[in-house]
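Let me begin by presenting the structure, written as structure tokens, before commenting on it.
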Amino acid sequence: MQRTDFSGMACSIARTLDVIGEPWSPLILRDVWVGLSRFEQLQADLGISRKVLTERLNHLVDRGVLERRPYDRRPRYEYVLTDKGTELVDVLMVMVGWGDRWLAGQAGPPVLYRHHACGQVAAVDLRCAHCGLPMHAGDIDLLPGPGAARP
């Protein structure tokens with residue numbers, strides 16, 4: 001599989017796309033998050049070829065997003081989210097909010113999310129980690145960070 005390597009770019013979006021920018025990867029992460037952890041389960045749910053699924057799983061394991069754990073003597077493996085992978089699910093939840101708002105149509109969202117802490121069905125809401133107010137694209141200024149590319 002020939003892919004462009006974004007990992008060396010001084011851009012956090014590009015580096016994240018290097019890990020999950022291929023269309024099957026977020027869907028695999030979603031499935032593992034909801035409890036489909038074995039190869040056959042993932043293949044059946046996604047309808048993906050064995051070759052592509054193997055490549056994607058290897059990539060996600062190599063990037064530290066998934067961990068491969070043996071579950072019998074053959075060996076066969078199940079896949080579990082690492083801490084790094086669990087944080088990527090948060091990114092997927094923001095994507096869900098956008099998809100529900102702009103693409104769900106008359107039918108409405110296909111999945112609802114109940115928050116454990118309060119028991120209410122809610123959507124993800126981006127908030128400033130410092131003050132707690134909403135934080136959206138129009139609410140921020142971009143400043144060069146310590147890892148910014150130098151001219």
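Please specify each residue of segment 85-114 satisfying the condition of being open to solvent by less than 70 Å² (accessible area, probe 1.4 Å) and basic (K, R).
Answer for segment 85-114, where residues must be open to solvent by less than 70 Å² (accessible area, probe 1.4 Å) and basic (K, R): there is none.
Can you find, within segment 34-85, the residue that is nearest to I20 (Cα to Cα) among those that are in contact (Cβ under 8 Å) with a residue 40 or more places away in the chain and among the hydroxyl-bearing types (S, T, Y)?
For segment 34-85, the residue satisfying everything is Y79.
Which residue is surrounded by the fewest Cβ atoms within 10 Å (Cβ to Cβ), if the candidates are limited to segment 34-67 and must be of a type in the set (D, E, K, R) and in contact with a strand residue (DSSP E or B) (Cβ under 7 Å, 6 or more places away or on another chain)? So that I can check it myself, show each step before the final result.
Start the filter on segment 34-67 by keeping residues that are of a type in the set (D, E, K, R), which leaves 38, 40, 45, 50-51, 55-56, 62-63, 67.
Keeping just the survivors that are in contact with a strand residue (DSSP E or B) (Cβ under 7 Å, 6 or more places away or on another chain) gives 38, 67.
Values: R38: 14, E67: 17.
My answer is R38.
Mind checking whether some residue in segment 96-109 is closer than 22 Å to D62 by Cα and of a type in the set (D, E, K, R)? Step through it out loud before you land on a result.
Of the residues in segment 96-109, the ones closer than 22 Å to D62 by Cα are none.
No, there is no match, as no residue in segment 96-109 is closer than 22 Å to D62 by Cα and of a type in the set (D, E, K, R).
In segment 87-114, what residues are without any contact (Cβ under 8 Å) to a residue 12 or more places away in the chain and in contact with a strand residue (DSSP E or B) (Cβ under 8 Å, 6 or more places away or on another chain)?
Correct list: L112, R114.
Looking at segment 122-132, can you tell me whether even one residue there is touching a helix residue (DSSP H, G or I) at 6+ places or on another chain (Cβ under 6 Å), closer than 26 Å to I20 by Cα and in contact (Cβ under 8 Å) with a residue 12 or more places away in the chain?
Among the residues of segment 122-132, at least one is touching a helix residue (DSSP H, G or I) at 6+ places or on another chain (Cβ under 6 Å), closer than 26 Å to I20 by Cα and in contact (Cβ under 8 Å) with a residue 12 or more places away in the chain, which makes the answer yes.
Among the listed residues T4, T16, identify the single one that is under 30 Å from P144 (Cβ atoms), polar (S, T, N, Q) and free of Cβ contacts under 8 Å to residues at least 40 places away in the same chain.
Just a single option satisfies the conditions, and that option is T4.
Give segment 19-33 a look and list any residue that's touching a residue at least 40 places away in the same chain (Cβ under 8 Å), open to solvent by 50 Å² or more (accessible area, probe 1.4 Å) and out of contact with any strand residue (DSSP E or B) (no Cβ under 9 Å at 6 or more places or on another chain), or say none.
R30
The values are calculated or read from the model by the stated rules, or taken from the named source; none is laboratory data. The structure displayed is predicted, hence computed values, not measured ones. Don't worry about glycine lacking a Cβ; one is built from the backbone with ideal geometry, like all the others, and counts go over all protein chains shown. Accessible surface areas use protein heavy atoms only, side chains included; no ligands, DNA or RNA. Shrake-Rupley method; radii C 1.70, N 1.55, O 1.52, S 1.80 Å.
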